[in-house]
Amino acid sequence: MSVKAFKLVSAVERETLMGDKNYINIECIECCGKNLYIGTNDCFIYHFLLDEKVSTAGKITFAATKQLHKYLGLKKPVSELKAASALTRLLVLCDNTITLVNMINLEPVPTGARIKGAVTFTLNENPVSGDPFCVEVCIISVKRRTIQMFMVFEDRVQIVKEVFTPEQPCAVAVDGYYLCLALTTQYIILNYNTGVSQDLFPYCSDEKRPIVKRIGRQEFLLAGPGGLGMFATVDGISQRAPVHWSENVIGAALCFPYVVALDDEFITVHSMLDQQQKQTLPFKEGHILQDFEGKVIVATNKGVYILVPLPLEKQIQDLLASHRVEEALVLAKGARRNIPKEKFQV
């Protein structure tokens with residue numbers, strides 16, 4: 001039985017981004033407030049302002065207004081973008097180098113500060129430094145079996161730690177001092193401060209793409225064996241039952257109380273409260289699924305879409321209307337912190 005938890009709404013149409021240039025492909029996206037950044041295969045960054053409009057009937061649409069675009073001067077794709085809004089900086093990974101650019105005008109910082117030798121990178125959303133004018137960046141280095149931690153300031157970068165891993169890492173998420181790593185044959189939790197590591201479960205990165213995602217304080221979501229979405233804490237235990245995904249999940253995101261997953265043909269929505277699959281949305285050629293401050297965005301090579309959650313009160317009423325009282329109660333109790341008190345009482 002399905003629940004209508006999300007609606008798929010177009011945010012950036014193909015023509016808005018590329019006009020008639022068919023060779024342009026979307027490689028990565030970043031969203032920070034109303035700012036949407038897109039990195040492409042021909043080494044450009046595009047900046048759009050996203051405006052959300054709600055009609056009198058309650059229908060949500062998005063208008064994307066292009067602000068500017070910037071060529072980075074290489075013949076390589078822009079592979080990752082991350083915003084550090086406190087510094088008004090965008091971290092751009094292209095050709096194994098992370099460059100700092102201004103979020104507004106997309107100009108590189110005058111000091112030319114950069115991090116070289118990065119395969120991929122992520123930000124520590126639970127930073128340990130306590131400095132509000134710095135972001136902590138973790139990179140998988142081009143040096144074999146090496147992870148590096150950096151502090152990135154407005155116009156300079158500083159290496160803090162270099163950690164060696166038992167096998168080659170291919171994906172990483174960070175929480176405080178804890179790294180959750182997908183290695184060649186398994187997932188591990190590694191405390192980069194103490195060097196203590198803990199095996200989670202085996203996984204073959206040659207067969208499919210690993211997924212490692214921080215979903216909250218000291219908790220991660222991983223693509224496990226047998227098409228399972230597994231939860232793991234920094235202590236190496238699971239406090240939630242796994243969700244059943246398809247075998248070939250490309251990306252996953254969290255929008256409480258749902259886990260959203262993308263594969264070759266569908267977007268699937270599972271409840272974290274009872275692990276049941278609640279919704280399936282056909283979506284072909286998707287290759288990016290990410291959540292940004294609660295906004296879930298999916299993209300194909302040519303367009304960007306937003307998964308707009310329906311109000312929880314409406315979902316609960318729909319369940320009651322179709323006599324699914326137990327599910328409605330589970331959702332109401334589990335999502336209590338996301339529902340205004342007076343509505344919860346009703």
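Whenever you get a sec, compute what percent of the accessible area on region 266-336 sits on carbon and sulfur atoms (1.4 Å probe). Exposed carbon and sulfur together represent 56 percent of the surface.
Centroid-to-centroid, using Cα positions, region 292-324 and region 1-37 are 16 Å apart.
Along each principal axis, taking the top coordinate minus the bottom one, the Cα set of region 156-243 gives 41, 28, 25 Å in descending order.
Heavy-atom accessible surface of region 1-133, averaged per residue, reaches 49 Å², computed with a 1.4 Å probe.
Charge dipole (Cα centre; +1 on Lys/Arg Cβ, -1 on Asp/Glu Cβ; no other charges) of the chain amounts to roughly 420 debye. Near Glu15, once Lys and Arg are set to +1 and Asp and Glu to -1 for all other residues with Cβ below 15 Å from its Cβ, the sum equals +2. Of the accessible area of region 101-181, computed with a 1.4 Å probe over protein heavy atoms only, carbon and sulfur atoms account for 54 percent. Of the solvent-accessible surface of region 1-60, computed with a 1.4 Å probe over protein heavy atoms with every protein chain present, carbon and sulfur atoms account for 50 percent. Fully extending the segment from Asp264 to Gln198 would add 20.5 nm, taking 0.36 nm per residue of separation and subtracting the current Cα-Cα distance. Looking at region 159-308, the accessible area is 41 square angstrom per residue; that uses a 1.4 Å probe and ignores ligands, DNA and RNA. Normalised by the residues of the chain, what does the relative contact order come to in percent, with Cα pairs under 8 Å and at least six apart? Relative contact order for the chain comes out at 13 percent. The base-10 log of I(q)/I(0) for region 67-217, evaluated at q = 0.14, 0.16, 0.18 Å⁻¹, reads -0.69, -0.88, -1.08 [Debye formula, identical scatterers on Cα atoms, solvent excluded]. Taking a Cβ cut-off of under 10 Å around Thr65, the surrounding Lys, Arg, Asp and Glu residues balance to a net charge of +1, with basic ones at +1 and acidic ones at -1.
Oblate is the label for the chain. Its Cα gyration tensor axes, ordered a ≥ b ≥ c, give a/c of at least 1.5 and b/c at or above a/b. Looking at region 73-176, the GluC sites (Glu not before Pro) that sit in a DSSP loop and have at most 15 other Cβ atoms within 10 Å of their own Cβ are Glu125, Glu167.
A simple spin-label model places pseudo-atoms 7 Å from Cα toward Cβ; at Asn41 and Gln67 they are separated by 2.7 nm. Dividing the helix sum by the residues of the chain, where each DSSP H run of 4 or more adds -39500 (n - 2.57), gives a mean residue ellipticity at 222 nm of -2500 deg cm²/dmol. Calculated on the alpha-carbon coordinates, the convex hull of region 167-311 measures out at 113 cubic angstrom per residue. All alpha carbon pair distances within region 1-131 were sorted into 10 Å bins beginning at 0; the resulting P(r) in whole percents reads 11, 38, 31, 16, 5, 0. List the aspartates and glutamates whose Cα sits under 17 Å from the Cα of Lys4, skipping any in the same chain fewer than 8 residues away. Cα-Cα hits under 17 Å: Asp274, Glu313, Asp318, Glu326, Glu327.
The values are calculated or read from the model by the stated rules, or taken from the named source; none is laboratory data. What you are looking at is a predicted structure, and each value in this text was computed from that prediction instead of being measured. Note that each Cβ is placed from the backbone with ideal geometry, even for glycine, and that neighbours are counted across all protein chains shown. Protein only, heavy atoms only, side chains kept; ligands, DNA and RNA dropped before computing areas. Shrake-Rupley method; radii C 1.70, N 1.55, O 1.52, S 1.80 Å.
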